[in-house]
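Engineer: Got a structure for you, written out below as structure tokens; questions coming shortly.
The values are calculated or read from the model by the stated rules, or taken from the named source; none is laboratory data. Since we're looking at a predicted model, the values are computed, not measured. Positions of Cβ are backbone-derived with ideal geometry, glycine not excepted, and every protein chain shown enters the neighbour counts. Ligands, DNA and RNA are excluded from the accessible area calculation, which covers all protein heavy atoms including side chains. Shrake-Rupley method; radii C 1.70, N 1.55, O 1.52, S 1.80 Å.
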Amino acid sequence: MSDYLGGVINGINDKTEEAFKYLYNTFYASLCRYANRFVGEFMDEEDVVQEIFVKLWEREGKFENMRAVSAYLYRSVHNACLVYIRDQKEKRQEELIQRLGEVMAFDSTDNEQLLIEEEYYRQIFTVLNSLSDQRRIIVEMTMEGMRNEEIAQSLHVSVNTVKTLKKKAYVYLRENLSREGWMFLFTFL
């Protein structure tokens, strides 16, 4: 895996399309959620994240490892949100100034915790997407609060099939997520 990530880093530094597709698929959803926490009701977070990927493509300089890339992406989204808030304050002055105050008051431990949670989300969705479609759908429905009976009825399968597929999915998730990632996911199940 580290050889693969080394190849991805080289691809990012060399601006290969394959490396950027990997990066986009790996971080896009997590970065959108991160942006949404700051300015989601005022702007389209997907536009912000896409713009960050464009800037990354145009960026000069090299990255040493995936952690540096991740830090760059999250920091860029954070800064873009702050710039947006600053630029829009005349239009929605009261709402945005209050939001800006909340973002600026976000102390570093809260920000670190948010980044950790976003990293867990990214891990979870990466592993979830590697499940078979039926198992992934069952886990997602469970995360939405649906009971086995509701899932079975919705998918037109037996309750026992749901239980079996869910059990196999949980085993796979437990084996492929970090201990902390599994514990984080378990809070949604």
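Engineer: Rounded to whole Å, give me the distance from the Cα center of segment 10-25 to that of segment 55-69.
Structural biologist: 10
Engineer: Given 0.36 nm per residue, what is the gain on full extension from residue 37 to residue 132 after removing their alpha carbon distance, in nm?
Structural biologist: 31.2 nm
Engineer: Full-extension gain between residue 10 and residue 180, please, as 0.36 nm times their residue separation minus the C-alpha to C-alpha distance.
Structural biologist: Full extension from residue 10 to residue 180 adds 58.3 nm.
Engineer: Then there's this: I'd like to check one number: the per residue accessible area of segment 137-189, probe 1.4 Å, reported in Å² as a whole number.
Structural biologist: That works out to 63 Å² per residue.
Engineer: Carbon-plus-sulfur fraction of the accessible area of segment 16-59, 1.4 Å probe, in percent?
Structural biologist: For segment 16-59, the apolar C and S fraction of the accessible surface comes to 46 percent.
Engineer: Please give the FRET efficiency for residue 150 paired with residue 68, using the beta carbon to beta carbon distance and R0 = 30 Å, rounded to the nearest 0.05.
Structural biologist: For residue 150 and residue 68, the calculated efficiency is 0.10.
Engineer: Next question. Quick check: with the 1.4 Å probe, what order do 143, 183 take by accessible area, largest first?
Structural biologist: The ordering from most to least exposed comes out as 183, 143.
Engineer: Taking the Cα centre of segment 120-173 as origin, sum charge times position over the Cβ atoms of Lys and Arg (+1) and Asp and Glu (-1), and report the length of that vector in debye to the nearest 20.
Structural biologist: 260
Engineer: Which of the GluC sites (Glu not before Pro) across segment 118-189 are loop residues per DSSP, with 16 or fewer other Cβ within 10 Å?
Structural biologist: Hits after loop and neighbour filter: 144.
Engineer: What distance in nm lies between label points placed 7 Å from Cα along the C-beta direction at residue 18 and residue 86?
Structural biologist: 4.0
Engineer: Work out how much length residue 112 to residue 55 would gain on full extension: take 0.36 nm times their residue separation and subtract the Cα-Cα distance, in nm to one decimal.
Structural biologist: 18.1 nm
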